[in-house]
Every structure is written in structure tokens, then in C-alpha cells.
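Only one structure is covered here, and it is reproduced in the block below.
The values are calculated or read from the model by the stated rules, or taken from the named source; none is laboratory data. If you're wondering where the values come from, they're calculated on a predicted model, not measured in any experiment. We place every Cβ from the backbone using ideal geometry, glycine too, and count neighbours over all the protein chains shown. Please note that ligands, DNA and RNA were not included when accessible areas were found on the heavy atoms of the full protein model with its side chains. Shrake-Rupley method; radii C 1.70, N 1.55, O 1.52, S 1.80 Å.
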Amino acid sequence: MAWYSIVLIVLACILVVFGLLFLCFITNGDGKMIEKTYDMLSKYHDNKKKNDQI
């Protein structure tokens with residue numbers, strides 16, 4: 001009976017992962033996350049001291 005509980009836990013974890021991925025897809029969460037990361041990185045690199053000599 002112990003392996004039933006292990007299989008049930010694994011299936012529940014898989015279901016939760018698919019649910020979170022579906023929610024991310026429906027709400028366009030990946031695009032929003034990429035946009036925030038891009039803005040944060042561009043702000044960081046814009047404020048960085050630049051060496052203009054080539």
C-alpha cells in the first residue's frame with residue numbers, strides 16, 4: 001500500500017506543475033516576466049560606467 005501513496009504524490013506534483021504552466025500561459029506570464037527582466041537589465045546597463053576608448 002505504500003507505493004500507492006508514492007504514485008499519488010507524484011501524480012499530484014505533476015498536476016500542480018501542469019496547472020502552474022497553464023496559468024502562466026493563459027495570463028501571458030512568461031512575456032511579462034521577460035519584459036520586467038529586460039527593463040531591469042537595460043536600466044542596470046544604462047547606469048553602468050562605460051569605457052568609450054576603443
Those residues of segment 1-24 which are at pLDDT below 90, open to solvent by less than 100 Å² (accessible area, probe 1.4 Å) and over 14 Å from the mean Cα position of the chain (by Cα), in sequence order: A2
How many residues, within segment 25-54, are part of a loop (DSSP other than H, G, I, E, B) and at pLDDT below 85? 7
If the requirement is being under 12 Å from the mean Cα position of the chain (by Cα), open to solvent by less than 90 Å² (accessible area, probe 1.4 Å) and free of Cβ contacts under 8 Å to residues at least 12 places away in the same chain, which of these qualifies: T37, T27? T37
